[in-house]
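All remarks here apply to the structure that follows.
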Amino acid sequence: MTDLDFQGKKVLITGGAGFVGSNVTERVVKSNGKAIVLDDLFTGTLDNITKGTEYEFVEGSVADVELVNKLAKKVDYIAHMAARNIIISTKNPRNDYEVNIGGTLNILLAANEHKVERVVYTSSASVYGNPRILPITEDERTLTFSPYSVSKLAGENYCHAFYETYGTPVTSVRYSNIYGPKQDPKNPYCGVVSKFIEMLDNNERPYLHGDGQQTRDFTYVDDAVDGTLLALLSPKAEGQVYNIGTGVETKIVELYQMIAELMGKDAKPKYIDRRDIDNIRRRAVSIELIRTRLRWQPQIGIQQGLKRTLEWYNSL
Ligand SMILES: NC(=O)c1ccc[n+]([C@@H]2O[C@H](COP(=O)([O-])OP(=O)(O)OC[C@H]3O[C@@H](n4cnc5c(N)ncnc54)[C@H](O)[C@@H]3O)[C@@H](O)[C@H]2O)c1
């Protein structure tokens, strides 16, 4: 783990009760910082934040201009992670627009007004659509295949525009399929790792959408948190966009087999129709930029990450 020091600093974490956000909240506190969590608890829950962690919680929305302004005034940094996720956004693109785009604009306006030292914005590798070359570098053209990827890219574009126009200190990170502890399998919107674990644990026959040959670059949450906070603190990261992933491509069927093996299960998965959101065939992101500029690289491979995730799941 990277040494991070937030001594004397206050960090606003929007979406700080969510899967990745709660991990960020805990890391900020462990690194001597003060955390303020703004979350409307739409998919997040305060149970995600380990008991004994000292933080301030504000229930509310990033779409609330006054509230965002009031909070930005109090902090040194903002980790802007609140978002409607891809499943919700596909069902309700207008709500996605209001939260993911409108909320990001509110954060940037407030950060600019109150001279926040840095905003880190959590974007998504979904902005690449189906890439031409793997691993995907940050200069690959963007291709938005879902309302969610439109809104995540719009947020990034606003960050870039604010940096260029007003000099607002922002950094965007493009996450690739984060998994790990606190990705609640009870949450219907959670990622595939948690879903497989839960179905296997319940002795259900897990289903795979499509042919299972589609690939993703699975990133362990502690690594993603490290990269995000390094990007928040590093002067070199100002105005930049970095991929956060591993560069390793894993087929969904292989992921399933790894999890089943670790859990000692031999259920054959059933293949069902692909969903409207399953339109990206392959993904692995290049991490050369963040590795060379910020000296960040993932520490946890997929086998180890899955083992840790299972340990967490079994401890619930
Ligand atoms: N998990 C991944 O694989 C992944 C991949 C790419 C990008 N991201 C991005 O990372 C961030 C965190 O994702 P996550 O996986 O932890 O999702 P999550 O759904 O667990 O967390 C999002 C949090 O934001 C909160 N939220 C939603 N709307 C809000 C609003 N209007 N105001 C305040 N809070 C609100 C939710 O309640 C939740 O706690 C998001 O911005 C997401 O787009 C995640």
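Nothing in this text is a laboratory measurement; each read-out follows from the coordinates by a stated rule. Source: prediction; values computed, not measured. Heads up, the Cβs are rebuilt from the backbone with ideal geometry, glycines too, and the neighbour counts pull from every protein chain shown.
Here are the numbers:
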{"item": "Cα-centre dipole for the chain with unit charges at Cβ (Lys and Arg positive, Asp and Glu negative), debye to 20", "result": "340 debye"}
{"item": "Electrostatic dipole magnitude of the range 27-114 [Cβ: Lys, Arg +1; Asp, Glu -1; Cα centre; debye, to 20]", "result": "240 debye"}
{"item": "Label-to-label distance, nm, for residues given as D211 and R281 (7 Å Cα→Cβ offset)", "result": "0.9 nm"}
{"item": "Dipole magnitude (debye, nearest 20) for the range 100-170, charges at Cβ of Lys, Arg, Asp, Glu", "result": "140 debye"}
{"item": "Residues M258, M1, sorted so that the one with the fewest Cβ neighbours within 10 Å comes first", "result": "M1, M258"}
{"item": "Shape metrics for the chain, restricted to C-alpha atoms - Rg then Dmax, Å", "result": "18.5, 57"}
{"item": "Inter-probe distance in nm under a simple model that places probes 7 Å from Cα toward Cβ, at E254 and W312", "result": "2.3 nm"}
{"item": "Length gained when the stretch K236-N95 is fully extended (0.36 nm per residue, less Cα-Cα span)", "result": "47.3 nm"}
{"item": "Projected label distance in nm at I272 and T45, using a 7 Å step from Cα toward the beta-carbon", "result": "2.2 nm"}
{"item": "Ranked by how many other beta carbons lie within 10 Å on average, peptides 43-50, 30-37 from highest", "result": "30-37, 43-50"}
{"item": "Relative contact order (%) - criterion: Cα under 8 Å, at least six apart; region: the chain", "result": "18 percent"}
{"item": "Cβ-defined net charge surrounding V285, 13 Å radius [Lys, Arg +1; Asp, Glu -1]", "result": "-2"}
